[in-house]
Amino acid sequence: MLKTDVVVIGAGAVGCAVARELSKYEVDVIVVEKNEDVGGDASKSNSAIIHTGYDAAPDTLESQLVVAANPMYDELCADLDIPFKRIGAILPAITDEQFEQLPAIKEKAFRNRVYDVEYKSGAELLEMEPELNPAVKGGLWIPRESIIDPFILVQAYAENAYANGVRFLLNSKVEGITTENGKIKTVKTSTEEIETTYVINCAGLYCDEVAEMVGKAEYKVVARKGQFFILDKNTSCQVEHIVLPIPTKITKGKLMCPTIHGNMLVGPTAEDQDSKLDKSTSAEGLASITTDVRNLIPNVNVRDTITQYSGLRPNRNPEGLNFDIWDDLEGYVNLSGVRSTGLTLSLSMGTFVVQQLLARGADWKRKENFIKKRKGIVKFSECTREEQDELVKQNPLYGNVICRCETITEAEILDAIHRPLGARSVDAVKRRVRAGMGRCQGGFCGPKVIEILARELGCSPADINKNNDGSNMVTGFTR
Amino acid sequence: MYNVNCDVAIIGGGPAGLAAAIAAKKEGAEKVLVLERDNAPGGILQQCIHPGFGLTRFKAELTGPEYYGRFVDEAKEVGVEYMLDTMVLEVCNETNEVVCTSSRYGLTCVKAKSIVLAMGCRERTRAGIMVPGTRPAGVYTAGAAQRLVNRQNIMVGKKVVILGSGDIGMIMARRMTLEGAQVVMVVELMDYLAGLTRNRVQCLDDFGIPLKLAHTITRIEGNERVTGVWVAPVDDKKQPIADKAEFVECDTVLFSVGLLPENELTRKAGIAIDPVTNGPAVNQYMQTSAPSVFACGNVVHVNDLVDNVSEESERAGKYAARYAMGKLDGEKKIVKCVTGRNVRYLCPQTIEANEVDGKVTLYFRVLQPEENVRLVARCGDTQLAKCKEFRVNPGEMCHLTVATKDIDGDVTVDVVKED
Amino acid sequence: MKKEIICTVCPRGCHIMVEGAGDTVSSVEGYACKRGLEYASAEFAHPVRILTTTVKVTGAQESLLPVRSNNPIPKEKLFECMDVIRAIEVKAPVNCYDVIVADICGTGVNIVSTKTVEAE
């Protein structure tokens, strides 16, 4: 039996941000995660945008947290070495009907206190974004909409929390929570049982199932699938800003934007489904993205796609972001309805949750020696020639390029494996250093990554997984 | 930064780079340096352990290692030099510098008099043809699986479906079968075989592996490892007929759905690319739009026979050496090669027609399979060369040789239906 | 017995009908050249194939040595030969065309290396 003060359930963006915020205090924290790696489910398959909250429903917790989070990212990303760019978003009106909606959208932005949203003429927008549909009548400019590396964001939260004493139990599914006299007592996982004072449910897609374990199932999670395309860095038609559609009553629509690493991203669809596991893409979904994005960017070339994926937003029924605590269940915090704005609001959710608990009597002192900075994995491809030369001299493995599409070296892969909360699977390597994220999708580097993982972890290639248990990359030796 | 000087720098030590290096050396270039990212020369042939190479060139049926082994031996004899385990990061055609990196020397700047691009190609992926479904383990390109099985001693799966009836797909079907896997079927989108009939007989029919022509994989299933695929027939527009899709159980899917010239370095160097071949446009000397840069092999256009690669690479090496020695100048009369009826692309894309007694072989692929045809090269109405073929198809490269003295304008190639 | 044989001599791929019993051929139809006739007759009576695969190699940088049969092997013996080859382990150095298995499965055919592998 492990003992701790706080168990955080789920190592997605919200769980890791909450854990990191807690690690600023003299309090013992364990994060439990069913997957083999930090990074969550929804947190690793989304549009990778840090929103401003301009379009949130005003006067809601979601609006409050998203609007608050956006300005916090400059410092966070500088401290934790997270790729982040403030490229801004444009919201072009193509039809007269859309043009008439602009004032209401701007009005809503102001009600959300996003005061830097402004009108642009069609000509101004075309100058900013030459690939835009020339029929554009005008639109809005939302300068603080930003792009981030969502994988690194969550890894950075987790690594920084770990550096400050938070323990992580991976491959550990929560199977039960016990209470005693209206207080949280233990959390049972598939690997360990933990005695704890607090439980913070950050289980995203599965937060309803966790809530049910303590009899607080007042809602259901509805998985809303979003399918995406990633296009080659060389694709002929590119945009420099996040190009957002004007939302309809039914959907927020499909966008196009650059990723932080220079690919183009288009999507997502929005499809409610019963399954929390089905993350498949469909021919229909992908076709609808093509059709819709062409309204905004007519020359978008989806044939230049290098990968397609889908993510599940943990929507809530009844809808809305909720922070819940109950008088009759001391020590239990429930977060639900963390959906497409979840990546953004993870940061402010961390501070919000801790503040709420402190206000309710948690007796936690600030740490004197909180480690504020995290150093990411050095990116060989982004160094100058002189820096690259220096790197190879210090460590010859920087001279061994493994992933040729993204120019990722063996030294970077070894760092990904051996750093705290290091990579144990092919996908975990990919999310840390981008080996296999290029146009050949691991065709060349995949076989080498399997060999490196097996060598470094001291196991057979047959034991190397793509991600979770059962996803073995290969079956054994031929000889 | 480490600095190296040479006459001809060759990027890539596969069959193209090796043949170019030997030819450059034989032509008189003093220092010929091959930059190779692998730990040994040979390129993709290192994993092509099957026979079928060298029938034209050596009149013998060699395996990949035997074929490139002969070139490695010759390269050693003539004094070709290598930098192995070396990745080229950048080619600058204005300064003739190649920046590369290796564990041994760190960042290295190779200053050359001429450069030969011989980087080969890569495989189109599952994502490249947008096959929907989940993203489990067990989805490989045929070449990646071939590397694992033939070089790394690693078996990729037990029950396999292969998409694509090209030679690599079929050869992997046999290879996996010999290694104890069950190959459930080979699925081909077109209504004809993409590779050689001989491979169908020896790789599929010999082992009773079904070939599903005019079918495709419409969806991949499985959350962790592949559990199966949906295979559906396609209509005459190549669109899957969804309600006829059938579930096929398997744990592995291999994609053998085409090769793409690997031209990231070429593009970054600002060298003109032919949009059809996706490779640099070249003249008969295999010279690109940057006069000091030559290119050969699959980086120019994807070949079906390595024998052809060796031939055109020797040309690239020979003229790169001449360029390095200042012997490839003079007045230029450049004509274009134009695709006519049922011709998808032509290589070379231009011809320098000022050579008095020169001959140029035009390599090309057809758009559609056709029977009883005549291949014709012409300048306007003047016929330069012709050849009868019983059958042509997009999978097999055609060629015609013309004399440069006959060329007085753009050269058009047609595939004409015989009456 | 009647059997359709697809000719692999050239890309034309003639479908040739061969009739006969055992290894005696009584009629051949549908071939377009002499080589086709020879191929189809031989393929009917004694189909043979070049076998290429790998054997385990130790003491070298690589873990596998590519090998081939120096002559074609009766088709029906391919898997039997694979079973023998699978159990073989050789030690570097190995020269190209070194005999790895002599007279495999009594076929009179040798399995030879197709690559020179140096000792590490």
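How would you order A:150-158, C:62-70 from highest to lowest mean count of nearby Cβ atoms within 10 Å?
Values: A:150-158: 27.4, C:62-70: 22.7.
My ranking of the peptides, most packed first, is A:150-158, C:62-70.
Taking 8 Å as the Cα distance limit and 6 or more residues as the minimum spacing, I'd like the relative contact order of chain A as a percentage. Before the final figure, lay out each step's value.
On the way: 1065 pairs, mean separation 94.8, N = 479.
About 20 percent, as a whole number.
Ranked by Cβ crowding within 10 angstrom, fewest neighbours first, how are B:Ser256, A:Ser460, A:Ser45 ordered? Mind showing how you got there, number by number?
Working: B:Ser256 29, A:Ser460 12, A:Ser45 22.
In increasing order of surrounding Cβ atoms, one gets A:Ser460, A:Ser45, B:Ser256.
Report for the protein assembly as shown the percent antiparallel among DSSP-assigned beta bridges with both residues inside it, nearest 5.
Details: 138 of 197 bridges.
Looking only at bridges with both residues in the protein assembly as shown, the antiparallel portion is about 70 percent.
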**Asked** What does the helix-only formula give at 222 nm for chain B: each DSSP H stretch with n ≥ 4 adding -39500 (n - 2.57), the total divided by the residues, and the result rounded to the nearest 500 deg cm²/dmol?
**Response** -5500 deg cm²/dmol
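Work out the length of the dipole vector of the stretch B:197-345 about its Cα centre, built from +1 on the beta-carbon of each Lys and Arg and -1 on the beta-carbon of each Asp and Glu, and round it to the nearest 20 debye.
Values: 19 positive and 20 negative charges, 179 e Å.
Roughly 860 debye for the stretch B:197-345.
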**Item:** A:Glu319-B:Ala272 FRET efficiency (beta carbon distance; Förster radius 51 Å; 0.05 resolution)
**Value:** 0.40
**Asked** In vacuo Debye scattering of the stretch C:2-46, one point per C-alpha: log10 I(q)/I(0) at q = 0.17 Å⁻¹?
**Response** -0.36
**Message:** Using Cβ counts within 10 Å as a stand-in for footprinting exposure, how do A:Asp415, C:Asp98 rank, fewest first?
**Reply:** C:Asp98, A:Asp415
**Item:** DSSP bridge orientation in chain A - percent antiparallel, rounded to nearest 5
**Value:** 75 percent
**Item:** Crossing angle, helix B:306-324 versus chain B [Cα axis fit, 0-90 degrees, rounded to tens]
**Value:** 30 degrees
**Request:** Determine how many Å³ per residue the convex hull of the Cα atoms of the stretch B:267-391 encloses.
**Result:** 123 Å³
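At R0 = 25 Å, how high is the FRET efficiency between B:Val416 and B:Leu55 if r is their beta carbon distance? Nearest 0.05 is fine. Don't skip to the answer; put the middle values down first.
Working: r = 28 Å, r/R0 = 1.13.
Using R0 = 25 Å, I get an efficiency of 0.35.
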**Prompt:** Say each of A:Glu209 and B:Lys386 gets a label point 7 Å from the Cα, pointing the same way as Cα to Cβ; how far apart are those two points in nm?
**Reply:** 7.3 nm
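First select every other residue whose beta carbon is under 14 angstrom from the beta carbon of A:Ile464; then total the charges, Lys and Arg +1, Asp and Glu -1.
Details: positive: A:Arg424, A:Lys430, A:Lys448, A:Arg455, A:Lys466, B:Arg225; negative: A:Glu36, A:Asp37, A:Asp427, A:Glu451, A:Glu456, A:Asp463, A:Asp469, B:Glu224.
Every neighbour counted, the sum reads -2.
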**Prompt:** For chain A, what are the per-bin percents of Cα-Cα distances with bins 20 Å wide, up to the bin holding the maximum?
**Reply:** 23, 56, 20, 0
**Asked** List the GluC sites (Glu not before Pro) in the stretch A:1-43 that DSSP assigns to loop (not H, G, I, E or B) and whose Cβ has at most 11 other Cβ atoms within 10 Å. Which are they?
**Response** none
**Request:** Would you work out the relative contact order for chain B, in percent, from Cα pairs under 8 angstrom that are 6 or more residues apart?
**Result:** 15 percent
**Request:** Only residues of the stretch A:266-294 count here: report those whose backbone N is under 11 Å from the spot 7 Å along Cα→Cβ of A:Thr251, or say none.
**Result:** A:267-272, A:284-293
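Quick one: of A:Lys108/A:Lys249; B:Lys26/B:Lys76; A:Lys225/A:Lys252; A:Lys220/A:Lys276; C:Lys34/C:Lys77, which pairs are farther than 19 Å apart, Cα to Cα?
Working: A:Lys108/A:Lys249 15 Å; B:Lys26/B:Lys76 12 Å; A:Lys225/A:Lys252 13 Å; A:Lys220/A:Lys276 12 Å; C:Lys34/C:Lys77 28 Å.
Violating the 19 Å limit, Cα to Cα: C:Lys34/C:Lys77.
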**Prompt:** With axes computed from alpha carbons, what is the tilt in degrees of helix B:15-27 against the longest principal axis of chain B, rounded to the nearest 10 within 0 to 90?
**Reply:** 20 degrees
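Relative to 2.2 N^0.38 Å, what does the C-alpha radius of gyration of chain B come to as a ratio? Two decimals please. Intermediate values should be presented prior to the final figure.
Working: Rg = 22.3 Å, N = 419, 2.2 N^0.38 = 21.8 Å.
So the Cα radius of gyration is 1.02 times the expected 2.2 N^0.38 Å.
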**Message:** What is the ratio of the Cα radius of gyration of chain C to 2.2 N^0.38 Å, with N the residue count, to two decimals?
**Reply:** 1.35
**Complete:** Whole-number value, in Å³ per residue, for the convex hull of the alpha carbons of the stretch A:169-225 is 84 Å³
**Item:** Among beta bridges that DSSP assigns inside the stretch C:52-113, antiparallel share in %, nearest 5
**Value:** 75 percent
**Fill in**
Taking Cα atoms, the helix B:64-78 axis meets the longest principal axis of chain B at an angle in degrees (rounded to 10) of 20 degrees
**Request:** Describe numerically, in nm with one decimal, the distance between label points set 7 Å from Cα along Cα→Cβ at B:Asp236 and at C:Tyr97.
**Result:** 5.5 nm
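May I ask you to derive the relative contact order of the stretch C:2-46, considering only C-alpha pairs under 8 Å and at least 6 residues apart, and to give it as an integer percent?
36 percent
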**Message:** Taking each residue in A:394-405, count the Cβ atoms of any other chain within 10 Å of its Cβ, then average. What number comes out?
**Reply:** 5
**Complete:** So, over other residues within a Cβ distance under 15 Å of A:Pro130, counting Lys, Arg +1 and Asp, Glu -1, the net charge is -4
**Item:** Order of A:Asp232, A:Asp272, A:Asp363 under a 10 Å beta carbon neighbour criterion, fewest first
**Value:** A:Asp363, A:Asp272, A:Asp232
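Give me the Kirkwood hydrodynamic radius of the protein assembly as shown, using the inverse of the mean 1/r over all pairs of distinct Cα atoms, in Å to one decimal. Don't skip to the end; give the middle numbers.
Numbers: mean 1/r = 0.0320 Å⁻¹.
After inverting the pairwise mean of 1/r, the radius is 31.2 Å.
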**Prompt:** Which part of the stretch B:249-286 falls in the paramagnetic zone of B:Leu367, meaning amide N under 18 Å from the point 7 Å along Cα-to-beta-carbon?
**Reply:** B:275-278
**Prompt:** Which percent of Cα pairs goes in each bin when the distances of the stretch A:4-51 are cut into 10 angstrom slices starting at zero?
**Reply:** 27, 48, 22, 3
**Fill in**
Under the helix-only model (-39500 (n - 2.57) for each DSSP H run of 4 or more, divided by the residues of chain A), the mean residue ellipticity at 222 nm, to 500 deg cm²/dmol, is -9000 deg cm²/dmol
**Fill in**
Within 10 Å of the Cβ of an average residue in A:208-217, the count of other chain Cβ atoms is 0
**Complete:** Per residue of A:276-283, other chain Cβ atoms within 10 Å number on average 5
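All of the numbers you see were taken from the coordinates with simple rules; none came from a lab. Because the structure is a prediction, the values reported are computed rather than measured. Reconstructed Cβ throughout: ideal geometry from the backbone, glycine too, with neighbour counts over all protein chains shown.
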